[in-house]
Structure formats: structure tokens, C-alpha cells
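Here is the structure we will look at, set down as C-alpha cells.
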Amino acid sequence: MKPSIPITMKDIASALGVSVATVSRALKDSPSISQEQREKIQTYAREHNYYPNVLAESLRNSRKRPMKIIGVILPQFQHYYFSSVLSGIEREATSRGYIIMIGQSAEEYDLEVQLCRRFYEHKVCGVIVSQAKDTQRYDHFQKLIDHGVPLVFYDRICTGLDCNRVVVDDYQGAFNAVTHLIETGCRRVAFYSSPMNMQISKNRYNGYRDALLRHGLQPDERFFRICDNRADAEAITPDVLSQKDIPDGFFAVNDDTAIGILYTAKRMGFKVPAEISICGFTNGQRAVACDPMLTTVEQRGVRVGEEAADILINKVEGLTPIDKIEKRVVRTRLVVRGTTR
């Protein structure tokens, strides 16, 4: 069966012998059109599955009222944390009458720049973004700000701009995780981090380091690796576990990396957590799908998304001044499971 082609207001007008303006007014239930005419047009629209073009409507009315479309940039669709943030953004946006336009940077600076340009061209009311790993220049973000487009960062914030942001308490989450490892018997704790050009990496490293120092332990460069995915963790960990003094605990920047460590340690014959303890950072679905289940820091991505959308919509609707920078922090919590003692 051929898919039906959506009808337009022009099609309705042609079928009923009226003007497009009359159809538009009738669909908006305008009293300037007789009740009989309104019912006739609305019935025809329903029977022929007419749906308004929301984007076109927003563009036509952009000078009269705030746009109702929010641009959202995710580094990766498949990452549990980013998809949970997206759920929070959509929940808050929908509850307040907005829709979202989503783009994936795929961790590439050039794609991120293109998405910012396309969002501006489509006249979105604002942009919510977590920057790509290799983003080092921020002109594309500054252009949005210069053109009056509200911008809110989440998770990976842009340190080159003083901008609205929503983050989790990365430092405290890491500090609590490493403290737990130490207090349950670990003395040589390794840290697998995302690239150190990102603020979340610096914050989590500082929490890791300070927890060690608080307990009289010195950070060991041999136990620090730039590694933020499962494949790299599986490639790197055999070397780490082949040293003379191997780590007895691992803290990973995310759950996927932690699961890569867990898989490799078990494959090499180590007992988890009797010989090696492991803690991740996310608390996604995979954390309870591994054996043993993963101890991890819960990031509360849905809440992060709701807060980011709330900041943006408040600025679009004039509830808060557009030039007032808002910085919100969502608290994490440590979820203890089977990979730690």
C-alpha cells in the first residue's frame, strides 16, 4: 500500500472552495468564521488526517512570540547518560508546550559547528548542548550568544565561555567513590579518565586525588590512563594488571569503561571484588546486567535534562534575564553493588 501524502491547508481550501486564510482561521476556531463553516472545515481536516506544520507555524509567528523549538546537541545517541538527559529535556519541554530538534555531534567539532549553524537557520528559540570531546574553539557557541540565542551547557561545559550550565557534582561523586574503595580495603587505586581538556575529567580527577590524599595515599602515575570506553579498557587493562604492584581498585569515568575493566580482570583470572574492586560512573542499565553487578555513581541524567530545559525556557519566556548566567549542580549518589567489597 502506498503511504498517504499529508494534505495541506491549500488542499483543504481547494477541496472546499474557500480561501487558505479561511481554512487557517477555521482550524484555529476563529469566531470570524461561521460555526457551520468551522465545523465543515475541521471535519474535513480530521477525516483526511491533516496535521499542522509546527515548524512553519513557529517561523511565521517568531516575531510575535517566542519560538517553541529547542535545539539539542548530543555527543552520542547510544550513550545511556546522554539519552537519559534527552529524556529529561523532552519531558520538561513538552510539559511547557515546546518541541525539540535533536542533532548528534558524534564527538566531532566540525559537526558541532554545523549543527549550531543549522539550528540558528531554523530559528530555534535556544540551544542545549554537551560539547564534543575534541572541541577546542568556541566561536560557534559565541555566535549563538551574540545573536541573542540562549545557550545552556550540560555535563561537558565550555570553560571558554561564561555560560548557563547544568552539571552533576563530579568532584564529590568521584571523591565518594574512591573513598568507598579505600575504606573497603583498596590501597592502590587506578583511575581511567576521559580526555583532560574537559572540565568533567579535571573535576573527577581532583576528587580521585583528594580522596587518596585524605587517606594518606599518594596518586601513582602508573595507575592513571586516558580511557573512556569499553574497547580501550579491554586493550589497556592487561598491561595495567601485568605490573609488579597491580591496582587493587579501579575507578572509571563511566560504566562502559568499568565493565571493560571487569570483563578483562575476570578473563585474566582475578576475583572481583575479592582481589580487585571496580567502581563506575553513570548507573545505566548495563550496571545491573554484568556479573557481578557494578558499583557506580548515579548521575541522574533525567534530572540534568529537566534543569537544562527549565533554565532555557525561563530565559525564552522572559522569566529570568537572558544575560543572567545560571549554574546548577545536580547531586550524585554512590550505588554500592557487587564489584566492591
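The values are calculated or read from the model by the stated rules, or taken from the named source; none is laboratory data. Model, not experiment: these values are computed from the prediction. Cβ placement follows ideal geometry from the backbone for every residue including glycine, while neighbour counts extend to all protein chains displayed. Heads up: the accessible areas ignore ligands, DNA and RNA and are worked out on the full protein's heavy atoms, side chains in. Shrake-Rupley method; radii C 1.70, N 1.55, O 1.52, S 1.80 Å.
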Working carefully through the options Lys266, Lys271, find the one that is out of contact with any helix residue (DSSP H, G or I) (no Cβ under 8 Å at 6 or more places or on another chain), basic (Lys, Arg), in a helix (DSSP H, G or I) and open to solvent by 40 Å² or more (accessible area, probe 1.4 Å). Lys266
Checked against (1) surrounded by fewer than 16 Cβ atoms within 10 Å (Cβ to Cβ); (2) within 20 Å of the chain's Cα centre (by Cα); (3) not β-branched (Val, Ile, Thr), Ala309 satisfies every condition except (1)
Taking region 150-173 and the residues there that are more than 19 Å from the chain's Cα centre (by Cα) and touching a residue at least 24 places away in the same chain (Cβ under 8 Å), the one that is least open to solvent (accessible area, probe 1.4 Å) would be Gln172
Filter region 197-212 for residues that are modelled with pLDDT under 95 and open to solvent by 10 Å² or more (accessible area, probe 1.4 Å) and give the result. Asn197, Gln199, Ile200
Any chance Arg225 is assigned to a strand (DSSP E or B), of a type in the set (D, E, K, R), surrounded by fewer than 18 Cβ atoms within 10 Å (Cβ to Cβ) and in contact (Cβ under 8 Å) with a residue 12 or more places away in the chain: no
Subset of region 230-254, residues open to solvent by 50 Å² or more (accessible area, probe 1.4 Å) and under 20 Å from Glu298 (Cβ atoms), comes to Arg230
Sole residue being part of a loop (DSSP other than H, G, I, E, B), farther than 18 Å from Arg225 by Cβ and either at pLDDT 95 or above or open to solvent by 10 Å² or more (accessible area, probe 1.4 Å) (or both), chosen from Leu319, Leu334: Leu319
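Conditions (1) in a loop (DSSP other than H, G, I, E, B); (2) at pLDDT 95 or above, marked per residue:
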{"position": "Glu112", "(1), (2)": "no, yes"}
{"position": "Lys123", "(1), (2)": "yes, no"}
{"position": "Cys158", "(1), (2)": "yes, no"}
{"position": "Val178", "(1), (2)": "no, yes"}
{"position": "Ile182", "(1), (2)": "no, yes"}
{"position": "Cys186", "(1), (2)": "yes, yes"}
{"position": "Phe191", "(1), (2)": "no, yes"}
Mind checking which residues of region 288-305 are surrounded by fewer than 22 Cβ atoms within 10 Å (Cβ to Cβ) and outside any loop (DSSP other than H, G, I, E, B)? Val288, Glu298, Val302, Arg303
Answer yes if at least one residue in region 63-86 is surrounded by 14 or more Cβ atoms within 10 Å (Cβ to Cβ), among the small types (Gly, Ala, Ser) and part of a loop (DSSP other than H, G, I, E, B), and no otherwise. no
